[in-house]
Each structure stands twice: as structure tokens, then as C-alpha cells.
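Reviewing the structure listed below.
Each reported figure results from applying straightforward, stated rules to the coordinates on display, with no laboratory input. Owing to the predicted nature of the structure, the values given are computational and were not obtained by experimental measurement. All Cβ positions, glycine included, derive from the backbone under ideal geometry; neighbour counts span all protein chains shown.
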Amino acid sequence: MSRIDNRWFRHDSWARRHKKMIVGLLLVAILLFLTVFSYVHHEEITNTLKKIEGIGKEEKKEKEKPAPEKEEGEPEKPLVSPDQPMIALTFDDGPSIYTEAIVNRLEEYNARATFFVMGNRVQPNADLLRKMREIGCEIGNHSYSHPDLTKLTPEQVQAEIESTNQALAEVFGSGASLVRPTYGAVNDPVLQMPYPLVHWSVDTTDWQIRDGLAVIDNILGTVQDGDIVLLHDIYETTKDAMMALIPALQERGYQLVTVSELMEARGVTMQPGQKYYHARK
Ligand code: ZN
């Protein structure tokens, strides 16, 4: 072999060794990239899931700790602390196939809400309505078949409201004491009904946007102590939002109470034919 061949041979052999090293380094780099990428990707998915469902999982663990033994003669803790912030979540138009999940979430967090139900949905959902009452929720009247009450005669208005209370009376022995007028629309015949009319101070527009995360943002971005929040338990997106919102609102210090509890805690006596929007301080 000539000197030149020898040199080339040596060079070639060095290059091949070098090539192996480069390939090795590349493989290590690719493996590192894949590991980091899958970790970051996994983190992203986990964070999104947490946002939708898992908020408050940590607190839940806290809650699962056994309660300290109650001292003999210690007074019962009141259901509502009047000086602490509170809001009333209200759900219209149900019950629907999504309502039970909301009720279960409320129960899980020892929270309450007010459900303004439609009369024609009472009988098929009697068990669920009983469960609402059992966990301290309030049931209100949202008409029998959801017409715009202001387009009806006074007799028709009365029939819409009273037939709903009759349906509730068949389940509970008495009707609802609060009415939420459909579309929030009132006129004289509606105002003359012998019930307080519950409106709202936070409109989530959940019926329009149908986006759980946007509903969450709407509420967390605007809600304040004493608000009444309008929601509809007939949308899956609203149900999804509640999974995160109920713990998230409690985490921010809000007690989740019924409309009647809110008003009572703020010293408001509700009167027939009066409209109520909130009980802010
Ligand atoms: Zn409605």
C-alpha cells in the first residue's frame, strides 16, 4: 500500500469511527427530545384536564380527612356565615339529563343552589328533585311550559305558575315560594302573582356560548359577594363548567347558597310581586 493509500485509509477509518460517534450522539439527542416532548405534552394535557374537572381535587383530599370529634354541647355550625362572601347559583329550564351530575357535584362540596324548574319536567324527575331538597337545594318555579309570560292573559299566567306548583305539591306536599319569570320578562299580570320574582346579577350567557371554559371565565371574572348567577342545567357545557366552578368558587371564599339563604343572610325579606336581582352589600 502506498503512503497516499495509507493516509486515505487512516482518514477513512477515522471518519467511520467519527460517523459512529455522530450517529450515537444523534440517537441520544433524539431520545432526549422525545422524552422532554412527551413530558411537556403530558403536562399540557394534564393541566387542561385539571382546568375542566380537577380543580379542587387537593381540597377534596383535605375534606376526606375525618372531621375532628365534636365536643359535647358544642353548638351546630350555622349553614351560612352571614359575614362571609356568598353567591347564589341558579339553574333554569331543567331538570335535564345533565342535572344529576350538577346535584352530585354540589353534594360532594357541601354546596347548594336554586333550581327553577319547569312544571312539565317535575313528575319524570321526582326522585332527582327530592335529592335536591335533601342536600339543601331550593326549588323554584319557572312556569309549566316556558312561554313568554308577558304574551299571555292573566289567567294563562296564573295557570302556568300554579300548575307547576301543583306538580311540585304532588312530590313535596307544597309548591315553590319563588318564581323566575321566563326570559326575565315581566308585566302587570306577572307582577300580580303572589310570589317574589327572582332575576339575576350575573348572566353567564351559557345558553348562547355553549362553552364550558368561557362560562367559567365569565363567572370568575365578574362574580362578587351577593350575586345571583343565571345558568341553565340543560346544557352539557354548563354541567362541565360546574365540575370545576363549584370547587373554584369555594376556593375563592364564596359560600354557595340558595336564593332564600342569600336574602335571609343579608336581611332581605322577599315580598310578592317584587323583583330581586342580587343581595350585594
Ligand atoms: Zn328559562
Segments 121-133, 103-115 sorted - mean Cβ within 10 Å per residue, highest first: 103-115, 121-133
Based only on other Cβ atoms within 10 Å, what is the fewest-to-most ordering of F172, F116? F172, F116
Modelling each spin label as a point 7 Å along the Cα-to-Cβ direction, I'd like the Q158/A101 distance in nm, to one decimal. 4.2 nm
Could you order peptides 228-234, 190-196 by the average number of other Cβ atoms within 10 Å of their residues, highest first? 228-234, 190-196
With point charges of +1 on the Cβ of Lys and Arg and -1 on the Cβ of Asp and Glu, referenced to the Cα centre of the range 209-281, which listed residue (I219, H278, A244) lies farthest in the positive direction of the dipole? H278
Scaled by the rule-of-thumb 2.2 N^0.38 Å, the alpha carbon Rg for the range 152-247 gives a ratio of 1.28
